[in-house]
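The values are calculated or read from the model by the stated rules, or taken from the named source; none is laboratory data. Everything numeric here is computed off the predicted structure, so don't read it as measured data. Because the Cβ atoms are built from the backbone with ideal geometry, glycine has one as well, and the counts that use them run over all protein chains shown. We work out accessible area using only protein heavy atoms, side chains counted, and drop any ligands, DNA or RNA first. Shrake-Rupley method; radii C 1.70, N 1.55, O 1.52, S 1.80 Å.
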Amino acid sequence: MFTEQLVAKCSFRGDVVGSEGHWFNSWLISNDTLSYAALNDLRNHAHEKGADTVFVPGVPNLFRTSVTIIGQAYRCQ
């Protein structure tokens, strides 16, 4: 479970968003695949900010056509 103590010595790098899926191809892609792709997109954006840790509060936004995950990126090492 995330607590502020876990990132107390980390530097906040910014908010990040990972998303995957489009209305025109969602019927071809499973929900699992959409979710994993959105997580990978989130990790890539965190890496671009120099982060090595991402906290994802709450529940991802799951739609029939896409998945969007919003998180907070930290550099902890």
Next on the checklist: For P(r) over Cα pairs in 5 Å bins from 0, in percent, pick the label among (i) 3, 18, 24, 19, 16, 10, 6, 3, 1; (ii) 3, 14, 22, 20, 13, 10, 9, 5, 2, 1, 0; (iii) 3, 13, 19, 18, 13, 10, 8, 6, 4, 2, 2, 1, 0 that corresponds to the value derived from the coordinates.
Outcome noted: (i)
Checklist entry - Rounded to the nearest 500 deg cm²/dmol, what is the calculated helix-only ellipticity per residue at 222 nm for the chain, with -39500 (n - 2.57) per DSSP H run of length n ≥ 4? => result -8000 deg cm²/dmol
Checklist entry - When the solvent-accessible surface of protein heavy atoms is calculated with a 1.4 angstrom probe, in what order do 30, 35 fall, highest first? => result 30, 35
Next on the checklist: Ordering 10, 76 by accessible area with a probe of 1.4 Å, largest first, what comes out?
Outcome noted: 76, 10
Item to check | Sparse-neighbour loop sites [trypsin sites (Lys or Arg not before Pro); region 3-45; at most 14 other C-beta within 10 Å; DSSP] | outcome: 9
Item to check | Interchain or long-range residues, amide H under 5 Å from residue 16's placed H | outcome: 71, 72, 73
Item to check | residue 47/residue 25 FRET efficiency (R0 30 Å; Cβ-Cβ; nearest 0.05) | outcome: 0.75
Checklist outcome for this item: Whole-percent carbon and sulfur contribution to the accessible surface of the chain (1.4 Å, no ligands, DNA or RNA) stands at 54 percent
Item to check | Karplus-derived 3J(HN,Hα), 6.51/-1.76/1.60, for each residue of region 67-77, Hz, glycine and proline x | outcome: 10, 10, 10, 10, x, 10, 9, 9, 10, 10, 9
Item to check | Where the chain is the region considered: accessible area per residue in Å², 1.4 Å probe | outcome: 72 Å²
